[in-house]
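The values are calculated or read from the model by the stated rules, or taken from the named source; none is laboratory data. All values derive from a computational prediction rather than experimental measurement. A quick note on method: Cβ atoms are made from the backbone with ideal geometry, for glycine too, and the neighbour counts reach across all protein chains shown.
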Amino acid sequence: MSELPTPSLPQESGLPPLDAEGLLKLYREMVLIRRVEELAAKAYTMRKILGFCHLYIGQESVAVGAAAATPDDYWIAAYREHGHALAKGVSAKAVMAELFGKATGSSLGLGGSMHIFDKAAKFMGGYGIVGGHVPLANGVGWAIKQRNEGRVCLCYFGDGAAHQGAFFEALCLAQLWKLPVIFICENNYYAMGTSIERQSYLTDMSLRANGVGMAREQLRGFDVEHVRERVGAAAKFAREGNGPVMLEIITYRHRGHSMSDPAKYRPKGELEDFKQNSEPLALTKRRLEQDFGVSAERIAAVHQEVEAIAEEAWSFAESSPDPDPATLYDHVYAE
């Protein structure tokens with residue numbers, strides 16, 4: 001049997017270049033995610049948020065860049081999904097209330113930090129089992145294809161999930177059926193506390209796609225514009241019926257795996273180096289100021305606006321009612 005060539009992604013996405021207003025909008029989204037996550041960390045220490053809480057601080061450019069390329073497409077994510085939900089259009093109030101376990105949350109307070117869901121935003125949920133949600137993206141992709149929607153499904157997971165059997169099985173079927181799914185491995189260097197070099201011989205997770213002949217690409221994800229462009233190219237490829245895509249997006253989380261993780265396993269100076277050279281918000285702010293001439297006053301106004309939204313989300317969550325105990329088994333069993 002002859003070996004099939006591995007397809008390549010388009011060199012360009014076809015998306016229009018961002019002007020100052022467009023990039024400022026993406027900067028605002030990243031700042032909002034950062035601020036909501038900072039308040040979530042504060043709330044966790046005050047025991048207003050219980051259970052596990054995995055923050056997205058440092059990775060904002062990935063979700064925001066991808067959202068700019070796929071505003072009307074489906075997303076499915078894992079447990080570090082607060083930032084994905086916000087980038088996809090779930091309101092800060094609904095996210096914060098869900099973190100607080102309140103009835104006004106996006107999952108009615110029944111899901112919590114790891115299970116944000118919003119059908120209207122086409123955010124098909126966060127999932128807590130590592131790699132277990134990846135096959136679900138195939139289900140979404142299958143529905144897209146059967147309905148001829150012309151959309152794609154983005155599936156987010158971490159580098160640790162790329163070793164799970166369910167992940168490999170999902171890739172096999174997605175490529176066999178040419179499903180419009182973009183598998184995005186957010187490689188933040190650590191699976192919980194285990195560095196990428198200690199968990200995998202391969203350190204480029206996109207190479208996993210070679211085994212099924214799937215289009216793939218590895219990219220650095222600290223520049224929100226670059227993420228938008230390359231995710232846009234992947235979406236263009238999948239939308240045109242060429243099959244799924246595997247992207248590995250290099251990123252870095254600034255906090256521990258979860259709020260209970262002090263992250264003492266990092267090499268000395270590593271976090272400081274990333275903050276100095278690869279901080280997504282700082283990179284975008286510098287580009288706005290130096291290349292687009294956006295004033296410091298305009299950027300400060302964005303921060304003030306975001307602060308008001310984040311504080312309002314906190315107040316909303318704090319004042320919202322707890323779920324009615326009578327609803328405990330709602331949405332669990334069919335009527």
request  = Would you check if Y44 is touching a Leu at 6+ places or on another chain (Cβ under 9 Å), buried (at least 21 other Cβ atoms within 10 Å of the Cβ) and not aliphatic (A, V, I, L, M)?
outcome  = no
query = Restricting attention to the stretch 218-243, which residues are under 23 Å from A191 (Cβ atoms), in contact (Cβ under 8 Å) with a residue 60 or more places away in the chain and in contact with a strand residue (DSSP E or B) (Cβ under 6 Å, 6 or more places away or on another chain)?
reply = G221
query = Taking the condition under 30 Å from P16 (Cβ atoms) and without any contact (Cβ under 8 Å) to a residue 60 or more places away in the chain, does A215 pass?
reply = no
message = Within the stretch 5-20, does at least one residue satisfy the condition of being part of a helix (DSSP H, G or I) and either at pLDDT 95 or above or surrounded by fewer than 15 Cβ atoms within 10 Å (Cβ to Cβ) (or both)?
response = yes
ask   = Here are some conditions: (1) in a helix (DSSP H, G or I); (2) within 21 Å of V152 (Cα to Cα); (3) of a type in the set (S, T, Y). Y27 meets all but one. Which one does it not meet?
value = (2)
request  = Quick one: in the stretch 47-70, of everything that is under 13 Å from the mean Cα position of the chain (by Cα) and not aliphatic (A, V, I, L, M), which residue is nearest to L271 (Cα to Cα)?
outcome  = G58
inquiry  = Residues that are at pLDDT 90 or above and closer than 27 Å to C53 by Cβ, at least 2 per element: which helices (runs of 4 or more DSSP H) completely within the stretch 153-243 meet that?
reply    = 165-176, 224-239
query = So which residues in the stretch 129-146 are of a type in the set (G, A, S), in contact (Cβ under 8 Å) with a residue 60 or more places away in the chain and closer than 16 Å to A161 by Cα, if there are any at all?
reply = A137
Which numbered condition G150 misses (of (1) within 28 Å of N210 (Cα to Cα); (2) in contact with a strand residue (DSSP E or B) (Cβ under 9 Å, 6 or more places away or on another chain)) = (2)
request  = Scan the stretch 252-265 and give yes if some residue there is within 20 Å of M205 (Cβ to Cβ) and of a type outside the set (F, W, Y), otherwise no.
outcome  = yes
key: All positions within the stretch 55-66 that are crowded, with 24+ Cβ neighbours inside 10 Å and either out of contact with any strand residue (DSSP E or B) (no Cβ under 7 Å at 6 or more places or on another chain) or in a loop (DSSP other than H, G, I, E, B) (or both)   = L55, Y56, G58, Q59, E60, S61, A63, V64, G65
Members of the stretch 72-119 that are of a type outside the set (A, V, I, L, M) and assigned to a helix (DSSP H, G or I) = H82, G83, H84, K88, K93, E98
key: Residues within the stretch 240-263 that are under 20 Å from the mean Cα position of the chain (by Cα) and farther than 22 Å from Y56 by Cβ, tallied   = 2
note = The condition from (1) modelled with pLDDT of 95 or more; (2) of a type outside the set (K, R); (3) in contact with a Pro (Cβ under 9 Å, 6 or more places away or on another chain); (4) more than 27 Å from W142 (Cα to Cα) that I250 misses is numbered (3)
ask   = If you check K145 against the conditions, is it of a type in the set (K, R), modelled with pLDDT of 95 or more and part of a loop (DSSP other than H, G, I, E, B)?
value = no
